Amino acid sequence: MALGIEEVKVGCWTDDENATGVTVVLPPAGSLGAIAVRGGAPGTREAAALGPTGSGEECHAVVLCGNSVFGLAAADGVAEWCVENDRGLELASALVPVVAAAVVFDITGPNNPRPGPNAGRLACEAATTSDPSCGRVGVGRGCTVGKAAGRGYASPGGQGISVVQSGDLVVGAIVAVNAFGDVLNPDGGVLAGSSAPPDTPRYPAVSIEEVAAWESGEEKANTTIGCLVTNARLTKAEACRVADLAHTGIARAIDPPHTSVDGDALFLLSTQELTAIPDQIANLGTQAVTQAIRKAVE
C-alpha cells in the first residue's frame, strides 16, 4: 500500500537529464487536506485554502515539484487529469479539483526545461498503490542538502518515504529533502550535509553582511516539503494542528531547520476512517517525517 494507506496512489515523473522531477499523491475520494508552513521562503499552491483559516477541506491531489515556482505548472496537468478521472468538487457548473502543491528549488541554469503540465499528467499516469523508490527520483531528483557554508559544499538530497503504525492507526510520509542544513542521524551526527572544513563559518553564525547575502541571493533557494497521509478521522483544525506538529520531524533530522532561507511545508491528507487522538497522530507523523528525511539521503 502506498504510504501504508489503502487506495492511496503515488506517482513520479523524473527528468534525469535536467535533474528535476515531480511526485504526486492521490488520496481516495472524500479525503480532507491541510497544510502547515514553518519555513520562511515557501512556494505553494492552495496553501491559503487548506490552511487553518481557509474554508477548503477536501483535497484531491498533492503535488511536490522541482524547478521552484515554474514547477507549479505541473499542478495544472494534475488538475486536468483529475477532471478526466472524475476527481473533484461537484459544483453546479463544473467539476473542480483541489490540487495542492509545493516546490523545491533545483534550477541549475536559466535555460533549464521546466516541469510543465505534461510532467504532472505523467506523474498521475504513473501513480500506483505501491511506494516509489527513495532517493533521487521524482521531486527528489535535483535536491541537495548541507548549504549552510555555501552551495559549493552541498551533498545530494532526495525523496524519502516512511510509514509508522500503532494498532490500526497509520501515518505515512513522503518528503523531498532540499534543505539548507545538514541531515542528522539518530545520534546527532551528520548523515548527509556540508563537506566544508569544520572551521568554515556557517549560517547563521556569520557576519551581518554575510547574512544579508544569504537571504537576498540564490542561497534562499532551499526547502523540505512533504505530504503525510493518515487513515484517522480529523477536523480541519485538528488536521492543521497535526501537520504543524509533524514539522518536529524536520527539526529532529535537519540542522538548522525552518530557517528564513528554507520554505519548509508539510501537507496532510486524512482519509477519515477511524477515530484517534490528534496528539497521537502527530507523534506518529513526527516519527514518519524524521525517518523519511533520513531515507531520502541514505
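The values are calculated or read from the model by the stated rules, or taken from the named source; none is laboratory data. Worth saying up front: this structure is predicted, and the values here are computed from it rather than measured. Glycine gets a Cβ as well: all are built from the backbone with ideal geometry, and neighbour counts include every protein chain shown. In case anyone asks, the SASA skips ligands and DNA or RNA and just uses the protein heavy atoms, side chains included. Shrake-Rupley method; radii C 1.70, N 1.55, O 1.52, S 1.80 Å.
Would you check which residues across the range 50-72 are in contact with a Lys or Arg (Cβ under 8 Å, 6 or more places away or on another chain) and farther than 24 Å from Val8 by Cβ and list them?
Asn67, Phe70
Just for the range 265-292: of the residues that are touching a helix residue (DSSP H, G or I) at 6+ places or on another chain (Cβ under 6 Å) and not in a helix (DSSP H, G or I), which one is nearest to Ser68 (Cα to Cα)?
Only one residue fits best here, namely Leu266.
Among the residues of the range 136-188, write down those that are open to solvent by less than 30 Å² (accessible area, probe 1.4 Å) and assigned to a loop (DSSP other than H, G, I, E, B).
Gly142, Cys143, Gly146, Lys147, Ala148, Ala149, Gly150, Gly157, Ala179, Phe180, Gly181
Show the residue pairs meeting these rules: Cβ distance below 6 Å; 6+ apart or different chains; first residue within the range 65-80 and closer than 15 Å to Ala265 by Cα; second residue assigned to a helix (DSSP H, G or I) and open to solvent by 10 Å² or more (accessible area, probe 1.4 Å).
No pair meets every condition.
Residues that are open to solvent by less than 10 Å² (accessible area, probe 1.4 Å): list the helices (runs of 4 or more DSSP H) wholly contained in the range 1-108 that include at least 2 such residues.
74-84
Condition first: open to solvent by 20 Å² or more (accessible area, probe 1.4 Å) and touching a Lys or Arg at 6+ places or on another chain (Cβ under 6 Å). Now tell me which residues in the range 229-273 satisfy that.
Residues satisfying the conditions are His258, Gln272.
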